[in-house]
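Here's the structure, in structure tokens; my notes come after.
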Amino acid sequence: MDTRGRDLRGKRAAPAGSLVRRLLLLAGLGCALLLIAGCGQSQGGQSTLHPASDQSRKILHLFWGMLAAAVVVFIGAVVLLAISYRRRNREGIPLVEAENEKAVSSGLVVAFGIVIPVACLIVLFFIANIGVVKATDAPAPGQTKMNVTVIGHQWFWEVRYPGSAAVTANEIHIPVKTPVNVTLKTADVIHSFWVPELNKKVDMIPGHPNTLELYADHVGMYRGQCAEFCGLQHAHMSMAVYADPPAKFRAWLANMAKPVAPPASPQAKAGEQVFLTQQCASCHTIRGTSARGTIGPDLTHLQTRNTLAALTIPNRKGYLGAWVIDPQHFKPGNKMPGLNLSGAQFSNLLTFLEGLK
Amino acid sequence: MATVSTPETIRRLHRLDRIWQERPGVLGWLTTTDHKRIGILYLFTSLAFFAAGGTEALLVRTQLITPNGSTLSPAAFNTTMTMHGVTMIFLFVIPISTGAFGNYLLPLMIGARDMAYPRLNAFSYWVFLGSGLFMYVGVATGNGPNAGWFDYMPLFCYAFLAVSFALVFALPALSVDCLFLELDRRLGFNFFNVGHGGNVLLWQHLFWIFGHPEVYIIILPAFGIATSIIPTFTRRRMVAFPMVALAEILVAFIGFGVWAHHMFSVGLPTITTIYFAAASMIVVIPSAIQLFAWLTTLVTGKPTFTTPLLWIIGFIVFFIIGGLSGIMFAAIPFDQQLTDTYFVVAHFHFIIFGAAVFPLLGGIYYWFPKVTGRMYNEPAGQASFWITALGSALTFFPMHIVGLLGMPRRVYTYPANVGWGPYNLSETIGSYILAAGLVLMVVNLVWSYFRGPASGPNPFGGATLEWSIPSPPPEYNFPVIPTVSSAYPMWDVEDREHDVDKLNRGEMVLDQGHETPASTTLDGYFDEILDMPSNSPWPVVTALMITGVFAMILTGHLVAMSVFLGLFALSVMGWHSVEPREA
């Protein structure tokens, strides 16, 4: 506050002076990173920046619009801060405001603090909360030909196709370019169904089914993940949505609806007995056998799936065996216990599981 | 202050010293009802919890530094993450702002000698301490509100008034929520049990009826600190003072009408979500008013960019970014896409850390000379700001991007093939830098406490009344109840001279007892003189008993609970059997 203070301030111009530069750098860096992230196309990710449906694209466009407006506001504020920094040593600025300056200052606050924000918010309200809301809303029941029911479990997704016997888990197949009405339920706690490249997320609430439209405008795999904390293995509750060409989808669904074929080899037959007599059948269903458990995923066509344990590990021989021996290794806390199997039982069981096509 | 040297004046000051003297030692701290000492207790307790919550944050970040990390087990991660949130909100930000800053500064700013209910004030601290310790044993209980009241308040005081209002009305919803939950668990009620006709969404509604006003409970004290620091360091009064005061109060009201915007993805009817989105947009306006009032004050003043103002500049920048990302969440479809991802984590850390905690840290620097009588080290203070701000940007900004890339919040690990690794690495490095900045601040303040140069009563030329008294303030705060005619009393030179005259004449010194004046509620005229209670053992004893009662209910020891309940009743009787001591 004294003259010596001004010298000190002069010397310290460097840290405060780089304020503006640093902020601009930060903003620039952030935008650059965003652009890089937005441009890098990664197949099978779950990025909101790679929409594959009209719904996700509209949400993304909404975001870019809001971001553009936000950048303008941010730069405006930084410019004001820069101006105030330039005034730090100015002579003759009064201690308190002169009366005429007061009106100007209050006018600025009214303009930038009330008038302009109100105008922007009204525009945003109509675009986002009237327009885009309608575009992302779920269709009324019966509006779409294709229906799927997904039921959240700790910690996997049960997938059913009403009108078909098909039941699977974690990998949802849908026909491409076809609106699919998804009914969302839960078997236990609240989960949230989210496949960002296809649509917004919707929670799975006990006793309160929700619906969501899934539509993919090109063939591919779209990753999704539980978005509401649901316990110990919330992190390992992912899913994949496969948008297939319609013919391929129909073939897939027809196969999924069938019960399992009888075991092809003596080893597989012995493995089936292991499955039915050890604890496996008390939790898992294999349609076409007496296994009717409902705690774990349906394994009737296990080998049509690319992953195990809700996308935690690939569905390959080594992983499947490792999972069966010690399920708690990859996904600690999940409900599957390790089994005490002899070497022969284990190898027969694996042969049986690998035959579930 | 000017001359206070007449023998009669000196006798008066000695008399005040004797009347307001605190007991020495630990007993003095346990039985104190002095708002300053209670403020200091809150400060150190909440800072200890800040350290705990910060350590938890670093553990979380260390687990997430790479995909498939294995620093923490899933169970340990989930516990650490939960305790980080609970600690930072309930045991750090709220208690430090209302408990430490509010308690210490409010009476000093309005020219009072203590809070309105000194023993209740002490009681609330001990309950807070008990519940915080208990929470670290396992489960949570709430802490009660306290607030003072006067008129001609600086904007700081308007902000705290709004906070107190919000606390009083928001906490019951949380209490009801917790009560229902406890009834569900212990006595088989089914408020939230779907299997028996309950509704899990009821929990969410009640929680967020508390939870969103809670956000303003967190942010408003920060606004108050900003509106204290900015005029001092720009050498000018706040622009649009009435609008800012009104905005602070409005924010606390409108904040009650927006809770369901936390629930856009649960499948509420579209029309309901649209209402809450509209209300959420309206609540932007008071914040925009305040933001531009700060900016305009800075632009039309003559700012000095030293440590406290730097934290406020950081606050403004972080608040703008966090506010703009917040507005995005009032766009329902965007909310439904990005809620429960790291984008929302980024948003609320910009708000809670950048916008709420930066001013608290700036405020610690700003009032450090007042509380300790010593100056902090300026270059180290500036360095601590830049390191913390850089660390915060590096920690929290990439969270926006990784959220857009689809990373959900509250996951203890993530796969390698989704492209989230580099951002998480940056976040973790940033969190270490952030922590280093805070450590530097602690070192600076500890060193300055012992070695800093004497600060004098008003080192920054501050405008509010606390700068009129010596640093650290005497136990009775003001030797004479000050004359106040604006929100910037230190810049009203005549009023201050008038105070000296009054002291020399012995007018409004109130040196006949443990006394403070009361004012009329609406227009703040002098009303009567109140006898204030001095130190008392009952607040700490009563708090101990009530903590025991709740601890025993929650752990299911009903017999022990009854014993504590009896002791609690006895201590309440003890409290009321001892009237305020006459001088």
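Residue pairs whose Cβ atoms lie under 7 Å apart, separated by 6 or more positions or on different chains, with the first residue in segment B:390-404 and in contact (Cβ under 8 Å) with a residue 12 or more places away in the chain and the second polar (S, T, N, Q) and open to solvent by 20 Å² or more (accessible area, probe 1.4 Å), are B:L394/B:S426; B:P398/B:S426. Out of the residues in segment B:206-239 meeting the condition of being open to solvent by less than 10 Å² (accessible area, probe 1.4 Å) and small (G, A, S), tell me which one is modelled with the lowest pLDDT. Step by step, filter segment B:206-239, then rank; the result is B:G211.
Scanning segment A:52-64 for residues that are in contact (Cβ under 8 Å) with a residue 40 or more places away in the chain, closer than 12 Å to B:A331 by Cβ and open to solvent by 40 Å² or more (accessible area, probe 1.4 Å) yields one hit, A:K58.
Give the residue, chosen from A:A240, A:A310, A:A216, A:A235, that is open to solvent by less than 10 Å² (accessible area, probe 1.4 Å), without any contact (Cβ under 8 Å) to a residue 12 or more places away in the chain and either under 17 Å from the mean Cα position of the chain (by Cα) or under 21 Å from A:N181 (Cβ atoms) (or both).
Exactly one residue qualifies, and that residue is A:A235.
A Cβ distance below 8 Å, combined with a sequence gap of six or more or placement on separate chains, defines the contacts here; from segment B:549-566, residues that are at positive phi reach residues that are open to solvent by 90 Å² or more (accessible area, probe 1.4 Å) in the pairs B:G556/B:R186.
Give me the residue from segment B:52-69 that is without any contact (Cβ under 8 Å) to a residue 40 or more places away in the chain and open to solvent by 30 Å² or more (accessible area, probe 1.4 Å) and, out of that set, nearest to the chain's Cα centre (by Cα). Result: B:T55. Only one of the listed residues (B:E56, B:E22) is among the charged types (D, E, K, R) and more than 24 Å from B:L465 (Cα to Cα). That residue is B:E56. Against the numbered list (1) farther than 24 Å from A:R86 by Cβ; (2) facing chain A (nearest Cβ under 7 Å), B:F292 comes up short only at (1). Each residue in segment B:312-349 was checked for being of a type in the set (F, W, Y) and within 7 Å of chain A (Cβ to nearest Cβ), and 1 pass. Return a yes/no flag: does segment B:48-66 have any residue that is polar (S, T, N, Q), within 25 Å of B:I429 (Cβ to Cβ) and assigned to a loop (DSSP other than H, G, I, E, B). Yes, that holds for at least one residue. If you go through segment B:301-310 one residue at a time, do you hit one that is over 24 Å from B:G362 (Cα atoms) and more than 10 Å from chain A (Cβ to nearest Cβ)? Checked segment B:301-310: no residue is over 24 Å from B:G362 (Cα atoms) and more than 10 Å from chain A (Cβ to nearest Cβ). Of all residues in segment A:104-150, those satisfying the criterion of being in contact with a strand residue (DSSP E or B) (Cβ under 8 Å, 6 or more places away or on another chain) and open to solvent by 70 Å² or more (accessible area, probe 1.4 Å) are A:P141, A:Q143.
When restricted to residues that are more than 31 Å from the chain's Cα centre (by Cα) and open to solvent by less than 10 Å² (accessible area, probe 1.4 Å), segment B:408-432 contains 3. When segment B:556-576 is limited to residues that are farther than 24 Å from B:L120 by Cα and open to solvent by 70 Å² or more (accessible area, probe 1.4 Å), the one that is farthest from the chain's Cα centre (by Cα) turns out to be B:V559. On the basis of being in a helix (DSSP H, G or I), within 11 Å of chain A (Cβ to nearest Cβ) and β-branched (V, I, T), does B:I274 make the cut? Yes: the conditions hold for B:I274.
Here B:W259 passes the criteria (1) within 9 Å of chain A (Cβ to nearest Cβ); (2) open to solvent by 30 Å² or more (accessible area, probe 1.4 Å); (3) over 25 Å from A:V73 (Cβ atoms); (4) touching a helix residue (DSSP H, G or I) at 6+ places or on another chain (Cβ under 7 Å) except the one numbered (1).
The values are calculated or read from the model by the stated rules, or taken from the named source; none is laboratory data. For clarity, every value in this text was computed on a predicted model and none was experimentally measured. In this analysis, Cβ positions are derived from the backbone assuming ideal geometry, glycine residues included, and neighbour counts consider all displayed protein chains. Please note that ligands, DNA and RNA were not included when accessible areas were found on the heavy atoms of the full protein model with its side chains. Shrake-Rupley method; radii C 1.70, N 1.55, O 1.52, S 1.80 Å.
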